[in-house]
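Novice: Can you read through this structure? Questions will come right after.
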Amino acid sequence: MSDPVPTFSDLSDVYGSETEVAKARFQTLEKAFLERFGSKPELFARSPGRVNLIGEHIDYEGYACLPMALRQDTIVAIRKAGDQLVITNIKSSEYPDYTFSVDPSQKVDADNHAWANYYLAAYKGCFEYLESKGKAPPPAGLQVMVDGIVPLGSGLSSSAAITCSSAFATLAAHGLNAPQGDAATFTAKCEKYVGTESGGMDQAVSIMGKPNTAMLVEFNPVRATDVVLPAGATFVIANSLTVSSKQETGATRYNLRTVECRLAAIALAISLGQPKEEARKLQTLKDVEPLIQSRLSGPKSSISHAAAAAAEQYLQKEPYDQGQIEGLLGASLSSIFEGNKAAGKSIAAAPDVGGFRLQSRALHVFAEADRVLAFRDVCTGDAPGEHKLESLGCIMDESQASCRDLYHCSCAELEALIAVQKKAGALGSRLTGAGWGGCTVSLVREGAVEAFIRAVKDQYFKQCISEGKVAAANLDEVIFASRPASGGAILKLKSLT
Ligand code: GLA
């Protein structure tokens, strides 16, 4: 069993050299809480955003990915009081208060996107988890104030940061905790309550991230292993300033991809000889591996090549329409995705975006899964440093091409930003997170970072300033170098003064 979410009494255990800046933030939050609720919070919890270095859109297909935790995080201040859940935000003019009943079985209104839905989803998830362990306490009123600094809709997983920190705060307010692995699993499920079918990468790294190391995150069961990045590698994050909310655009983007992948898995399995009824139970493309394996005479390492060859052979290149797929699978899509509201919306919306593209989605997933392992192998291998950096850069560029051409999750702004970054000396540059906007991550040689950032500011962000998309004074928030930072924690602080 994994270790519990750590509890610290000193901010420096989490924030290291940035403790003073963090302290000022905690003091401001404590003061705002006191003003709003008339008492100080009993404790805090925090969880960070993340940047995914490689392995995009494959976690929900069961494949490993390789992210790192960021220093940008969400802090939740909490106190047990009253008989309702009162959810507030330190930025109260942007994020209004919400009040909910304490009933953990209430529904989250996913059709009406509200920021506090994330807290409610985490609250429900905690109780569901505790009930499954026979440890659920009687529900009690909670006063909550949230302070998040992970930019929203930017691909840096502000949603995992708020969901995980809310879950830890809720557990800790009841005097409870959970093993990190369990917390990663149940918080990943929480996002389904807000209407996103996301995989588990964001929550896993937000919870299990560590300073100075990226993490290989694997699933079933969820676990994370250190992957130390080569000396001289710096990852620069830049925000394209195009916002893409997974939750609001799910029907035609993120959730539709999860539907397409599952359909591709079922169609492939049927083509490989599995009886239709059995094949229809498959959930992910990884589930098709045993079938591919059984047909392979060569080494296991060639599975993904064999899988890609099968996708080329058995899935049509052109998009399918619903009737074609239902004929192929021998059942209606509504029966295959029964009970999955988000999938239902995507199925209804698919004709608006040209139908279901099964082949290209499967090709991306199989090759991207391989790239994650190749990236890990370069990091842990013994090639000279400079070779390592170049190889990692190439792998990142290949991932970007695949996201753009096969998975169709890039966009014009990301492409323009990436072109600027390659010209400015990035060894590799790609979108990170769900895509369709949000951030890029670029691999830059340590000594070249300053000049790189200057060039990108000049060639991409100057124009954004003149278009009013960002203020010149805020440029350091939209392009910055990042180091792997700590994962989530519960904070029972001795004193904040
Ligand atoms: C979002 C999801 C993750 C993952 C990425 C794409 O961030 O929350 O689970 O699927 O997109 O890699």
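Novice: Using the Cα atoms as the points, what is the convex hull volume per residue of the chain in Å³?
Specialist: 150 Å³
Novice: Between Rg and the Kirkwood Rh of the stretch 62-145, both from Cα atoms, what is the Rg to Rh ratio?
Specialist: 1.02
Novice: Please sort through the DSSP H helices of the chain and keep those with an alpha-carbon extent of at least 27 Å along the long axis and a Kyte-Doolittle average not below 0.0.
Specialist: Membrane-span-like by this criterion, though nothing is claimed about a membrane: 358-380.
Novice: Considering the zone a paramagnetic label at E467 would reach in this model (a point 7 Å from Cα along the Cα-to-Cβ line), which residues of the stretch 223-265 have amide N under 19 Å from it?
Specialist: 238-245
Novice: With viscosity set to 0.692 mPa s at 37 °C, what whole-number translational diffusion coefficient in µm²/s follows for the stretch 1-117 from Stokes-Einstein and a Kirkwood radius over Cα pairs?
Specialist: 190 µm²/s
Novice: If you project the alpha carbons of the stretch 220-300 onto their three principal axes, what span does each projection cover, largest first, in Å?
Specialist: In descending order, the Cα extents are 47, 37, 22 Å.
Novice: Give me, ordered by chain and number, the residues 5 or more places off E42 or on other chains with an amide H under 5 Å from its own placed amide H.
Specialist: So E42 has HN proximity to I78, R79, K80.
Novice: Given the stretch 254-407, what count of lysine pairs have C-alpha atoms under 22 Å apart, with each pair 8 or more places apart or on different chains?
Specialist: 6
Novice: Which one of L315, G433, P351 is farthest out on the positive end of the charge dipole of the chain, using unit charges on Cβ (Lys, Arg +1; Asp, Glu -1) and the Cα centre as origin?
Specialist: Sorting the options by dipole projection puts first G433.
Novice: Just from its helices, what would the mean residue ellipticity at 222 nm be for the chain, if runs of 4 or more DSSP H residues each count -39500 (n - 2.57) and the sum is divided by every residue, rounded to the nearest 500 deg cm²/dmol?
Specialist: Mean residue ellipticity at 222 nm (helix-derived): -13000 deg cm²/dmol.
Novice: What are the semi-axes of the equivalent ellipsoid for the stretch 146-224, taken as the square roots of 5 times the Cα gyration tensor eigenvalues, largest first, in whole Å?
Specialist: Each semi-axis is √(5λ); the values are 17, 16, 14 Å.
Novice: Hey, how many Å between the Cα centroid of the stretch 58-128 and the Cα centroid of the stretch 442-490?
Specialist: Comparing the Cα centres of the stretch 58-128 and the stretch 442-490, I get a distance of 28 Å.
Novice: Hey, another quick one. Computed FRET efficiency, Cβ-Cβ of K492 and D226, R0 22 Å: what is it to the nearest 0.05?
Specialist: Using R0 = 22 Å, I get an efficiency of 0.20.
Novice: Once the Cα gyration tensor of the stretch 410-467 is diagonalised, what are the square roots of 5 times its eigenvalues, in whole Å and ordered largest first, as equivalent ellipsoid semi-axes?
Specialist: Ellipsoid semi-axes (Å, largest first): 18, 15, 8.
Novice: Along the three principal axes, how long is the stretch 116-166 when you take its alpha carbons, biggest first, rounded to the nearest angstrom?
Specialist: On the principal axes, the stretch 116-166 reaches 38, 22, 14 Å in Cα extent.
Novice: Ranking request for peptides 420-432, 168-180, 259-271, 317-329: highest mean number of other beta-carbon atoms within 10 Å first, then the rest in descending order.
Specialist: The most tightly packed comes first, giving 259-271, 420-432, 168-180, 317-329.
Novice: Sorted from largest down, give the three principal axis spans of the alpha carbons of the stretch 254-407, whole angstrom values.
Specialist: Computed over the Cα atoms, the extents are 54, 37, 27 Å.
Novice: Further question on the same structure: 5 Å is the cut-off here: which amide hydrogens, built 1.01 Å from N in the peptide plane, fall below it relative to G433, excluding neighbours closer than 5 in sequence?
Specialist: Residues meeting the criterion, in which the H sits 1.01 Å from N, are N52.
Novice: Compute the separation of the alpha-carbon centres of the stretch 182-258 and the stretch 357-407 and state it in Å as a whole number.
Specialist: If you average the Cα positions of each part, the centres end up 17 Å apart.
A short reminder: the numbers here are calculations on the coordinates, not readings from a lab. Since the structure is predicted, the reported quantities are computational estimates derived from the model, not experimental observations. Cβ coordinates were reconstructed from backbone atoms using ideal geometry, including for glycine residues, and neighbour counts include every protein chain displayed.
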